[in-house]
Amino acid sequence: MLNTNDILETVRMIETEHLDIRTVTMGISLLRCAGGDPAGLADRIYDTVTTRAEHLVRVGEELEREYGIPIVNKRVSVTPISLVGAGQDAEGFLRIARALDRAADTLGINFIGGYTALVPKGATESERILIDTIPEALSSTERVCASVNAATTKAGLNMDAVARMGQIIRRTAELTQDRQCIGAAKLVVFANAPEDNPFMAGAFHGVGEGDCVINVGVSGPGVVCATIEKCPDAPFEELAEVIKKTAFKITRMGQLIAGEASRRLGVPFGIVDLSLAPTPAVGDSVARILEAMGVGCCGGCGTTAALALLNDAVKKGGVMASSRVGGLSGAFIPVSEDEGMIAAAKSGCLTVEKLEAMTAVCSVGLDMIAIPGDTSAAVISALIADELSIGVANTKTTAVRVIPAIGKKEGESLSFGGLLGDAPVMRINRADPSRFISRGGLIPAPIHSLKN
Amino acid sequence: MKAVITVTGKDSMGIIAAVSALCTEHGANIVDISQTVMQEYFAMMMLVDLDRMRTPFGAFADELEKLAEKNGLKIHAMHEDVFNSMHRI
């Protein structure tokens, strides 16, 4: 018989500590759609997505019932559309965006990722066209998510793309001003974007992947926080140990669901993403974990060290629990999606500058941060350049998902509802970087990219 | 497949009888059972074999949920593998 305490511990994790599987994401290759009549491409994409993922939601719900663990999101990621739609004009790309949106609606999923361009070293004409259509694609659809990989450690930082993305993010926010600027919340700019990330908005199905895979993202900040609260005065070695043990258990759950989902859908298992993903619910916050460690308020001195410890321990504990680990794997710090982060940002303790420092030691980047509506495109681009440089120099993934709150200023907030939460508009340094951004070109790859 | 049913809540007469009756009705065979009462707080764990279930697991879980609501209890029914994978290497 199973141990009584173990059983009660698991039930408590789910019942009161918000343990859940954050996402079961099916990655679908659309490369086979690329051949044939260009006019029929959008229809072929719709058919491929809806056929491949036909049973995704049903199987997800079955697993929830049988295993008694909530699976919050069932989602789909596809091959970067800039590759699938190479040769299309702007209207062609927008037709694809609408087809993806329709497919997501048919499947009953809330997001579909892959309206993506990979341009770390340079952009093809198709990639430039796709990037230009992002504002309209995101404002005229509900479920499509877009991402742009603008830098890698190997290639360097494509500053032309970074300059353009500042304008694109602003334009996307402007076009969705009447909906809390939600468009910008579905758009991510990456350095070192992973090809198997199951989390939105940055999910896409890389070209190195097979036809179809199941990737799973686990969660559980509440469980980790509860564990830490039980050892208020433990030295750091002990703290790291308890986090590792908890991360192991959480990840085993993810691995179990991933394996079973893969078997029932007849689709190979891809990876488990060892992430601590918060939600706006009380008791499901990464910020509160840092505070439980003893940092007075998230954003205060000590926050980066606490986060580094947390991030490392989560990975060490999780890696043995899964047969294959990938994606972003680390603690997320999206401001609007984390109750503790929202409180810290509102109180002024957590600043954009501190968040930038924190992203050097965790996954993934400046995430879900609302900035004043009159922030210039050049400032946004410079913010992206800073953040991506951290990723490039440290050989890690970093990303920027900021939301210019059009018509709003510091102290006000954007309210998205659901898992996207509420974003207090944060102060941002407004010194004019336009001469830096307008230089254009490529910031060369760092010396440690030369490994051969 | 085997499932673990946990029942927690304020103690009252006939909790085990009610859950067991539901198991019998749906063809879930009780393999192991343990229960304890701590300061009027009732906690029971039951391992059931579902191989001869007459209803789908989802419907059985729904019935358990109804029973929980009626009696002010919390009842969870989860696949045994959840515990095996979380707590055993």
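Readers should treat all values here as calculations from the given coordinates under stated rules, not as data from a laboratory. What you see is a predicted model; the values in this text were computed from it and never measured. Here Cβ is always computed from backbone atoms with ideal geometry, including for glycine, and neighbour counts include all displayed protein chains.
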Within the stretch A:304-452, count lysine pairs with alpha carbon atoms under 19 angstrom apart where the residues are 8 or more positions apart or belong to different chains. 7
Taking just the alpha carbons, could you work out the radius of gyration and Dmax for chain A, both in angstroms? 20.8, 69
Quick check: the distance between the Cα centres of the stretch B:14-36 and the stretch A:258-334, to the nearest angstrom? 37 Å
Please name whichever of A:G411, A:N311, A:F190 sits farthest to the positive end of the charge dipole of chain A, dipole taken about the Cα centre and charges placed at Cβ: Lys and Arg +1, Asp and Glu -1. A:F190
What longest range of chain B stays clear of loop-exposed trypsin sites (Lys or Arg not before Pro) (DSSP non-H/G/I/E/B, at most 12 other C-beta within 10 angstrom)? B:1-51
Just tell me, in residue order, which DSSP H segments of chain A are both 15 angstrom or longer along the helix axis (alpha-carbon based) and at least -0.5 in mean Kyte-Doolittle hydropathy. A:4-15, A:41-52, A:90-107, A:125-139, A:159-175, A:236-265, A:303-319, A:377-393
Under 5 Å from the placed amide H of B:V31, counting only residues 5+ away or on other chains, we find B:L47, B:V48, B:D49
Cα-based Rg/(2.2 N^0.38 Å) for the stretch B:2-86, rounded to two decimals, is 1.03
Could you pull out the trypsin sites (Lys or Arg not before Pro) across the stretch A:51-105 that fall in loop regions by DSSP (anything but H, G, I, E, B) with no more than 12 other Cβ atoms inside 10 Å? none
Using just the Cα positions, wrap the stretch A:142-211 in a convex hull and report its mean projected area in square nanometres, one decimal place. 5.4 nm²
List the lysines whose Cα lies under 25 Å from the Cα of B:K66, skipping any in the same chain that are fewer than 8 positions away. B:K2, B:K10, B:K74
Mind listing the phi-derived Karplus ³J(HN,Hα) values for the stretch A:193-203, rounded to whole Hz, using 6.51, -1.76 and 1.60 with θ = phi - 60°, and x for any glycine or proline? 5, x, 8, 10, 6, x, 8, 8, 8, x, 6
